[in-house]
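Scroll down for the structure; my scribbles are underneath it.
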Amino acid sequence: MIILGIETSCDETAAAIIETRREKINLLSNIVSSQIELHAAWGGVVPNLAAREHLKNILPVISEALRTAKKKSSELDLICITNGPGLIPALLIGTTTAKTLSYLWQKPLLGIHHIEGHIYANFLDLTRSGKKIEFPALCLVVSGGHTQLVLMQKHLEYQIIGETLDDAAGEAFDKVARILGLSYPGGPIVSKIADEYAPEKNRFEIKLPRPMLKSNNFNFSFSGIKTAVLYATKKNQEKLADRDFIAEMCREFQTAVCDVLIHKTINAAKKYQPKTILLAGGVSANNHLRGRLSTAISKNLADTTYSIPELAHSLDNAAMIAVAGFYRWKNMPPENKAILNNTWQKLETNANLKLKK
Ligand code: KG4
Ligand code: ZN
(Lines give C-alpha, C1' and ligand atoms only; values in the text may rest on other atoms or scores of the structure.)
(Ligands and ions follow the chains in the order given, each with its own letter.)
Protein backbone atom coordinates (compact mmCIF):
# COMPACT_ATOMS: atom_id res chain seq x y z
CA MET A 1 0.00 0.00 0.00
CA ILE A 2 1.02 3.62 -0.48
CA ILE A 3 0.87 5.88 2.58
CA LEU A 4 1.28 9.65 2.95
CA GLY A 5 2.56 10.76 6.38
CA ILE A 6 2.29 14.36 7.58
CA GLU A 7 3.94 15.88 10.69
CA THR A 8 3.69 19.46 12.03
CA SER A 9 3.77 19.05 15.82
CA CYS A 10 6.67 21.44 16.46
CA ASP A 11 9.03 23.32 14.13
CA GLU A 12 9.38 20.98 11.15
CA THR A 13 6.84 20.85 8.33
CA ALA A 14 7.19 17.30 7.04
CA ALA A 15 5.58 14.95 4.52
CA ALA A 16 6.70 11.51 3.37
CA ILE A 17 5.52 8.66 1.17
CA ILE A 18 6.15 5.01 1.96
CA GLU A 19 5.25 1.98 -0.13
CA THR A 20 4.74 -1.30 1.73
CA ARG A 21 4.80 -4.87 0.41
CA ARG A 22 3.97 -7.37 3.17
CA GLU A 23 6.44 -6.46 5.95
CA LYS A 24 8.80 -4.59 3.66
CA ILE A 25 8.71 -0.79 3.86
CA ASN A 26 10.12 1.29 1.05
CA LEU A 27 10.70 4.97 1.75
CA LEU A 28 9.90 6.82 -1.49
CA SER A 29 10.22 10.38 -0.21
CA ASN A 30 10.86 12.17 3.06
CA ILE A 31 10.59 15.97 2.86
CA VAL A 32 11.34 18.12 5.91
CA SER A 33 11.16 21.90 5.87
CA SER A 34 12.91 23.08 9.01
CA GLN A 35 12.13 26.35 10.80
CA ILE A 36 15.21 26.23 13.03
CA GLU A 37 16.70 29.49 11.74
CA LEU A 38 13.46 31.37 12.34
CA HIS A 39 13.11 30.18 15.95
CA ALA A 40 16.83 30.41 16.77
CA ALA A 41 16.47 34.20 16.84
CA TRP A 42 14.00 33.76 19.76
CA GLY A 43 16.01 31.08 21.56
CA GLY A 44 13.19 28.54 21.26
CA VAL A 45 10.08 27.63 19.28
CA VAL A 46 7.41 30.37 19.14
CA PRO A 47 4.11 28.49 18.60
CA ASN A 48 2.30 31.12 16.52
CA LEU A 49 5.33 31.74 14.32
CA ALA A 50 5.62 27.98 13.81
CA ALA A 51 1.96 27.81 12.75
CA ARG A 52 2.45 30.63 10.24
CA GLU A 53 5.42 28.84 8.69
CA HIS A 54 3.58 25.50 8.59
CA LEU A 55 0.68 27.19 6.82
CA LYS A 56 3.04 28.62 4.21
CA ASN A 57 4.92 25.36 3.67
CA ILE A 58 2.52 22.50 4.18
CA LEU A 59 1.02 22.20 0.69
CA PRO A 60 4.35 22.69 -1.15
CA VAL A 61 5.95 20.08 1.17
CA ILE A 62 3.15 17.56 0.50
CA SER A 63 3.30 18.10 -3.28
CA GLU A 64 7.09 17.75 -3.17
CA ALA A 65 6.71 14.45 -1.27
CA LEU A 66 4.31 13.16 -3.97
CA ARG A 67 6.50 14.47 -6.81
CA THR A 68 9.71 12.90 -5.41
CA ALA A 69 7.90 9.60 -4.84
CA LYS A 70 6.50 9.79 -8.40
CA LYS A 71 3.01 9.13 -7.07
CA LYS A 72 -0.34 10.82 -7.65
CA SER A 73 -2.78 11.57 -4.87
CA SER A 74 -5.19 9.08 -6.48
CA GLU A 75 -2.68 6.28 -5.80
CA LEU A 76 -2.66 6.81 -2.03
CA ASP A 77 -4.24 4.15 0.19
CA LEU A 78 -3.98 6.01 3.50
CA ILE A 79 -3.10 9.41 5.00
CA CYS A 80 -1.48 9.51 8.47
CA ILE A 81 -1.21 12.69 10.51
CA THR A 82 0.32 13.54 13.90
CA ASN A 83 -2.64 14.67 16.03
CA GLY A 84 -0.67 15.16 19.27
CA PRO A 85 1.14 15.79 21.49
CA GLY A 86 2.79 19.06 20.48
CA LEU A 87 2.13 22.76 20.07
CA ILE A 88 -1.56 23.27 19.37
CA PRO A 89 -1.23 26.04 16.72
CA ALA A 90 1.35 23.90 14.90
CA LEU A 91 -0.58 20.64 15.18
CA LEU A 92 -3.79 22.26 13.92
CA ILE A 93 -2.23 23.23 10.59
CA GLY A 94 -1.30 19.58 9.97
CA THR A 95 -4.57 18.06 11.13
CA THR A 96 -6.72 20.60 9.29
CA THR A 97 -4.77 20.04 6.07
CA ALA A 98 -4.90 16.25 6.44
CA LYS A 99 -8.65 16.30 7.11
CA THR A 100 -9.25 18.50 4.07
CA LEU A 101 -7.16 16.26 1.81
CA SER A 102 -8.86 13.13 3.17
CA TYR A 103 -12.27 14.63 2.34
CA LEU A 104 -11.19 15.98 -1.03
CA TRP A 105 -9.29 12.89 -2.20
CA GLN A 106 -11.67 10.43 -0.52
CA LYS A 107 -8.87 8.65 1.33
CA PRO A 108 -8.87 7.06 4.80
CA LEU A 109 -7.23 9.14 7.53
CA LEU A 110 -5.45 7.97 10.68
CA GLY A 111 -4.27 10.13 13.62
CA ILE A 112 -0.88 9.09 15.02
CA HIS A 113 0.76 9.86 18.37
CA HIS A 114 4.05 11.72 17.80
CA ILE A 115 6.02 9.46 20.16
CA GLU A 116 4.57 6.35 18.54
CA GLY A 117 6.06 7.76 15.35
CA HIS A 118 9.50 8.17 16.96
CA ILE A 119 9.38 4.56 18.20
CA TYR A 120 8.37 3.29 14.75
CA ALA A 121 11.27 5.14 13.07
CA ASN A 122 13.18 2.05 14.22
CA PHE A 123 10.90 -0.17 12.12
CA LEU A 124 11.44 2.03 9.08
CA ASP A 125 15.13 1.21 9.12
CA LEU A 126 14.54 -2.49 9.74
CA THR A 127 14.41 -3.54 6.10
CA ARG A 128 17.62 -1.82 5.15
CA SER A 129 19.65 -2.80 8.21
CA GLY A 130 18.55 -6.43 8.30
CA LYS A 131 18.30 -6.17 12.08
CA LYS A 132 15.53 -7.78 14.09
CA ILE A 133 13.23 -6.13 16.62
CA GLU A 134 11.62 -8.66 18.92
CA PHE A 135 9.08 -8.29 21.70
CA PRO A 136 9.01 -7.56 24.54
CA ALA A 137 10.87 -4.39 23.59
CA LEU A 138 11.99 -1.61 25.91
CA CYS A 139 12.06 1.87 24.34
CA LEU A 140 14.10 4.73 25.72
CA VAL A 141 12.21 7.74 24.37
CA VAL A 142 14.25 10.96 24.56
CA SER A 143 13.03 14.08 22.77
CA GLY A 144 12.48 17.78 23.35
CA GLY A 145 9.15 17.15 25.07
CA HIS A 146 9.45 13.59 26.42
CA THR A 147 11.75 11.33 28.39
CA GLN A 148 10.15 7.95 29.03
CA LEU A 149 10.92 4.27 29.36
CA VAL A 150 8.19 2.46 27.47
CA LEU A 151 7.69 -1.29 27.58
CA MET A 152 6.04 -2.92 24.55
CA GLN A 153 4.82 -6.51 24.89
CA LYS A 154 3.74 -6.42 21.26
CA HIS A 155 3.13 -3.95 18.42
CA LEU A 156 1.18 -0.81 19.40
CA GLU A 157 0.95 -1.74 23.08
CA TYR A 158 2.67 0.68 25.45
CA GLN A 159 3.31 0.60 29.17
CA ILE A 160 5.13 3.63 30.55
CA ILE A 161 7.37 2.28 33.31
CA GLY A 162 9.22 5.52 33.99
CA GLU A 163 9.33 9.15 32.89
CA THR A 164 10.80 12.52 33.70
CA LEU A 165 9.32 14.37 36.63
CA ASP A 166 10.35 17.76 35.21
CA ASP A 167 12.41 18.66 32.10
CA ALA A 168 12.75 16.29 29.16
CA ALA A 169 16.34 15.36 28.21
CA GLY A 170 16.25 17.41 24.98
CA GLU A 171 14.71 20.36 26.81
CA ALA A 172 17.61 20.23 29.32
CA PHE A 173 20.13 20.29 26.42
CA ASP A 174 18.31 23.32 24.97
CA LYS A 175 18.20 25.18 28.30
CA VAL A 176 21.86 24.48 29.09
CA ALA A 177 22.84 25.75 25.64
CA ARG A 178 20.97 28.96 26.37
CA ILE A 179 22.70 29.36 29.77
CA LEU A 180 26.08 28.91 28.05
CA GLY A 181 25.22 31.42 25.31
CA LEU A 182 25.07 28.76 22.57
CA SER A 183 22.55 28.58 19.75
CA TYR A 184 19.14 26.87 19.47
CA PRO A 185 18.48 23.94 19.36
CA GLY A 186 20.99 23.12 22.09
CA GLY A 187 21.38 19.36 21.65
CA PRO A 188 23.41 19.32 18.42
CA ILE A 189 25.73 22.18 19.47
CA VAL A 190 26.29 21.03 23.09
CA SER A 191 27.07 17.49 21.91
CA LYS A 192 29.38 18.71 19.12
CA ILE A 193 31.40 20.86 21.54
CA ALA A 194 31.46 18.04 24.13
CA ASP A 195 32.58 15.39 21.63
CA GLU A 196 35.34 17.58 20.21
CA TYR A 197 36.87 18.34 23.61
CA ALA A 198 39.95 16.25 24.40
CA PRO A 199 38.90 13.48 26.83
CA GLU A 200 42.08 13.75 28.92
CA LYS A 201 41.60 17.49 29.55
CA ASN A 202 40.09 18.31 32.92
CA ARG A 203 41.22 21.85 33.70
CA PHE A 204 38.22 22.91 35.76
CA GLU A 205 37.22 19.64 37.44
CA ILE A 206 33.52 20.43 36.91
CA LYS A 207 31.22 17.95 38.62
CA LEU A 208 27.46 17.97 38.02
CA PRO A 209 24.86 15.86 39.87
CA ARG A 210 23.28 12.64 38.50
CA PRO A 211 19.71 13.15 39.82
CA MET A 212 17.71 10.06 40.80
CA LEU A 213 20.50 7.71 39.76
CA LYS A 214 20.00 5.66 42.89
CA SER A 215 16.20 6.06 43.16
CA ASN A 216 14.23 2.87 43.39
CA ASN A 217 12.18 3.47 40.24
CA PHE A 218 12.61 4.26 36.53
CA ASN A 219 11.77 7.96 36.66
CA PHE A 220 14.12 10.77 35.69
CA SER A 221 14.75 14.39 36.66
CA PHE A 222 16.91 16.75 34.64
CA SER A 223 16.06 20.19 35.96
CA GLY A 224 18.60 19.81 38.81
CA ILE A 225 21.50 19.27 36.38
CA LYS A 226 20.41 22.34 34.44
CA THR A 227 20.23 24.42 37.63
CA ALA A 228 23.69 23.19 38.65
CA VAL A 229 25.01 24.43 35.28
CA LEU A 230 23.33 27.79 35.91
CA TYR A 231 24.94 28.17 39.36
CA ALA A 232 28.35 27.03 38.12
CA THR A 233 28.30 29.60 35.31
CA LYS A 234 27.08 32.40 37.61
CA LYS A 235 29.89 31.60 40.04
CA ASN A 236 32.49 31.52 37.29
CA GLN A 237 31.47 34.49 35.10
CA GLU A 238 35.12 35.33 34.36
CA LYS A 239 35.68 31.84 32.86
CA LEU A 240 32.84 32.09 30.33
CA ALA A 241 35.18 33.59 27.74
CA ASP A 242 37.42 30.52 28.04
CA ARG A 243 36.39 27.98 25.39
CA ASP A 244 37.74 25.13 27.50
CA PHE A 245 35.38 26.04 30.36
CA ILE A 246 32.34 25.93 28.05
CA ALA A 247 33.55 22.68 26.47
CA GLU A 248 34.21 21.03 29.80
CA MET A 249 30.75 22.09 31.01
CA CYS A 250 29.14 20.65 27.85
CA ARG A 251 31.05 17.39 28.25
CA GLU A 252 30.19 16.98 31.93
CA PHE A 253 26.53 17.85 31.26
CA GLN A 254 26.24 15.36 28.38
CA THR A 255 27.97 12.67 30.46
CA ALA A 256 25.70 13.31 33.47
CA VAL A 257 22.50 13.08 31.38
CA CYS A 258 23.69 9.92 29.60
CA ASP A 259 24.85 8.31 32.88
CA VAL A 260 21.31 8.55 34.26
CA LEU A 261 19.57 7.53 31.01
CA ILE A 262 21.80 4.48 30.56
CA HIS A 263 21.79 3.37 34.19
CA LYS A 264 17.98 3.43 34.36
CA THR A 265 17.54 1.72 30.99
CA ILE A 266 19.88 -1.13 31.94
CA ASN A 267 18.18 -1.55 35.34
CA ALA A 268 14.74 -1.58 33.70
CA ALA A 269 15.98 -4.15 31.19
CA LYS A 270 17.30 -6.35 34.00
CA LYS A 271 13.85 -6.27 35.58
CA TYR A 272 11.66 -6.62 32.46
CA GLN A 273 13.96 -8.79 30.33
CA PRO A 274 13.20 -7.28 26.90
CA LYS A 275 14.50 -8.99 23.77
CA THR A 276 15.26 -5.62 22.16
CA ILE A 277 16.08 -2.13 23.43
CA LEU A 278 15.02 0.71 21.12
CA LEU A 279 16.26 4.28 21.24
CA ALA A 280 13.79 6.90 19.97
CA GLY A 281 13.26 10.70 19.77
CA GLY A 282 15.44 13.65 18.79
CA VAL A 283 18.08 13.02 21.48
CA SER A 284 18.68 9.60 19.87
CA ALA A 285 20.77 11.62 17.40
CA ASN A 286 23.30 12.04 20.22
CA ASN A 287 26.46 10.07 19.36
CA HIS A 288 27.63 9.76 22.94
CA LEU A 289 24.28 8.24 23.98
CA ARG A 290 24.09 5.93 20.92
CA GLY A 291 27.58 4.58 21.53
CA ARG A 292 27.51 4.26 25.31
CA LEU A 293 24.08 2.59 25.39
CA SER A 294 25.33 0.06 22.85
CA THR A 295 28.39 -0.71 25.01
CA ALA A 296 26.29 -0.97 28.19
CA ILE A 297 23.86 -3.41 26.53
CA SER A 298 26.65 -5.65 25.21
CA LYS A 299 28.29 -5.65 28.64
CA ASN A 300 25.21 -6.23 30.80
CA LEU A 301 22.57 -7.91 28.66
CA ALA A 302 24.06 -10.64 26.50
CA ASP A 303 20.76 -11.70 24.87
CA THR A 304 19.30 -8.26 24.19
CA THR A 305 19.55 -6.65 20.76
CA TYR A 306 19.77 -2.89 20.26
CA SER A 307 18.01 -0.75 17.69
CA ILE A 308 18.56 2.91 16.87
CA PRO A 309 16.96 4.88 14.06
CA GLU A 310 19.19 6.17 11.29
CA LEU A 311 20.39 9.68 12.12
CA ALA A 312 18.17 11.10 9.38
CA HIS A 313 15.11 9.56 11.07
CA SER A 314 15.99 10.44 14.68
CA LEU A 315 14.66 13.99 14.49
CA ASP A 316 11.09 14.93 13.61
CA ASN A 317 10.00 13.64 10.20
CA ALA A 318 6.85 12.31 8.55
CA ALA A 319 8.22 8.94 7.40
CA MET A 320 8.02 7.71 11.01
CA ILE A 321 4.35 8.80 11.15
CA ALA A 322 3.55 6.88 7.95
CA VAL A 323 5.31 3.75 9.31
CA ALA A 324 3.41 3.87 12.63
CA GLY A 325 0.22 4.29 10.58
CA PHE A 326 1.11 1.23 8.50
CA TYR A 327 1.43 -0.95 11.63
CA ARG A 328 -1.85 0.44 13.02
CA TRP A 329 -3.62 -0.29 9.72
CA LYS A 330 -2.17 -3.81 9.53
CA ASN A 331 -3.39 -4.63 13.02
CA MET A 332 -6.89 -3.23 12.52
CA PRO A 333 -10.04 -5.31 11.95
CA PRO A 334 -11.66 -4.58 8.53
CA GLU A 335 -14.70 -2.83 10.05
CA ASN A 336 -12.39 -0.29 11.75
CA LYS A 337 -10.57 0.33 8.46
CA ALA A 338 -13.86 1.31 6.82
CA ILE A 339 -14.49 3.90 9.55
CA LEU A 340 -11.26 5.69 8.64
CA ASN A 341 -12.99 7.13 5.57
CA ASN A 342 -14.93 9.36 7.97
CA THR A 343 -12.05 10.29 10.28
CA TRP A 344 -11.91 13.73 8.63
CA GLN A 345 -15.18 14.57 10.39
CA LYS A 346 -14.06 13.79 13.90
CA LEU A 347 -10.28 13.55 14.32
CA GLU A 348 -9.30 15.46 17.45
CA THR A 349 -6.11 17.46 17.86
CA ASN A 350 -4.74 17.14 21.38
CA ALA A 351 -1.63 18.95 22.67
CA ASN A 352 -1.43 16.45 25.58
CA LEU A 353 -2.37 13.27 23.75
CA LYS A 354 -1.39 10.19 25.78
CA LEU A 355 0.39 7.17 24.39
CA LYS A 356 -2.01 4.26 24.68
CA LYS A 357 -2.88 0.91 23.19
O1 KG4 B 1 12.15 14.61 18.61
P2 KG4 B 1 12.56 15.99 18.35
O3 KG4 B 1 13.08 16.33 16.98
O4 KG4 B 1 11.38 16.97 18.67
C5 KG4 B 1 10.51 16.69 19.73
O6 KG4 B 1 9.65 15.79 19.59
O7 KG4 B 1 10.72 17.32 20.80
O8 KG4 B 1 13.66 16.36 19.44
C9 KG4 B 1 14.23 17.61 19.49
C10 KG4 B 1 15.17 17.64 20.68
C11 KG4 B 1 15.71 19.04 20.96
O12 KG4 B 1 15.58 19.28 22.34
C13 KG4 B 1 17.17 18.92 20.54
O14 KG4 B 1 18.03 19.77 21.27
C15 KG4 B 1 17.47 17.47 20.81
O16 KG4 B 1 16.30 16.80 20.42
N17 KG4 B 1 18.62 16.98 20.04
C18 KG4 B 1 19.74 16.52 20.61
C19 KG4 B 1 20.64 16.22 19.55
N20 KG4 B 1 20.01 16.51 18.38
C21 KG4 B 1 18.78 16.97 18.70
N22 KG4 B 1 20.08 16.35 21.91
C23 KG4 B 1 21.31 15.88 22.17
N24 KG4 B 1 22.22 15.58 21.21
C25 KG4 B 1 21.93 15.73 19.91
N26 KG4 B 1 22.85 15.43 18.98
ZN1 ZN C 1 9.79 14.59 18.07
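Take the alpha carbon atoms of segment 1-46, find their center, do the same for segment 219-237, and report the distance between the two centers in whole angstrom. Segment 1-46 and segment 219-237 have Cα centres separated by 33 Å.
When both bridge partners sit in segment 4-158, DSSP labels roughly 70% of those beta bridges antiparallel. Of the listed pairs Lys192/Lys299; Lys175/Lys234; Lys107/Lys154; Lys24/Lys275; Lys72/Lys330; Lys132/Lys154, which have alpha-carbon separations greater than 18 Å here? Listed pairs above 18 Å: Lys192/Lys299; Lys107/Lys154; Lys24/Lys275; Lys72/Lys330. Estimated purely from DSSP H runs of n ≥ 4, each contributing -39500 (n - 2.57), the mean residue ellipticity at 222 nm for the chain is -14000 deg cm²/dmol once divided by its residues. Rounded to the nearest 10 degrees, the inclination of helix 186-196 to the longest alpha-carbon principal axis of the chain is 50 degrees. Using a probe radius of 1.4 angstrom, the carbon and sulfur fraction of the accessible surface of segment 24-84 is 55%. Charged side chains reduced to their Cβ positions (Lys and Arg at +1, Asp and Glu at -1) give segment 246-342 a dipole of some 340 debye around its Cα centre.
The alpha carbon centroids of segment 246-277 and segment 113-176 are separated by 14 Å. What a 1.4 Å probe finds exposed on segment 103-205 is 49% carbon and sulfur by accessible area, rounded to a whole percent. Per residue, the accessible area of segment 15-149 comes to 42 Å², computed with a 1.4 Å probe over protein heavy atoms only.
Convex hull of alpha carbon positions in the chain: directionally averaged projected area 17.7 nm².
Please report, as a whole percent, how much of the solvent-accessible surface of segment 225-295 comes from carbon and sulfur atoms (probe radius 1.4 Å). Carbon and sulfur atoms account for 51 percent of the accessible area of segment 225-295.
In segment 158-223, the C-alpha radius of gyration followed by the widest Cα-Cα span (Dmax) gives 14.4, 45 angstrom. Remark: segment 238-253, residue by residue, has Karplus-estimated 3J(HN,Hα) of 5, 8, 5, 7, 8, 4, 5, 5, 4, 5, 5, 5, 4, 5, 5, 5 Hz, where x stands for each Gly or Pro and the curve is 6.51 cos²θ - 1.76 cosθ + 1.60 at θ = phi - 60°. The fraction of all Cα pairs in segment 269-357 landing in successive 10 Å bins from 0 to the largest distance is 13, 32, 30, 18, 7, 0, given as whole percents. Average accessible surface for segment 161-226: 51 Å² per residue, computed with a 1.4 Å probe over protein heavy atoms with every protein chain in place. Counting only the Cα atoms, segment 141-276 fills a convex hull of 120 Å³ per residue.
The values are calculated or read from the model by the stated rules, or taken from the named source; none is laboratory data. Please read all numbers here as calculations on a predicted model, not as lab measurements. As a convention, Cβ positions derive from the backbone with ideal geometry for all residues, glycine included, and neighbour counts pool all protein chains shown. SASA here: full protein model, heavy atoms, side chains in, ligands and nucleic acids out. Shrake-Rupley method; radii C 1.70, N 1.55, O 1.52, S 1.80 Å.
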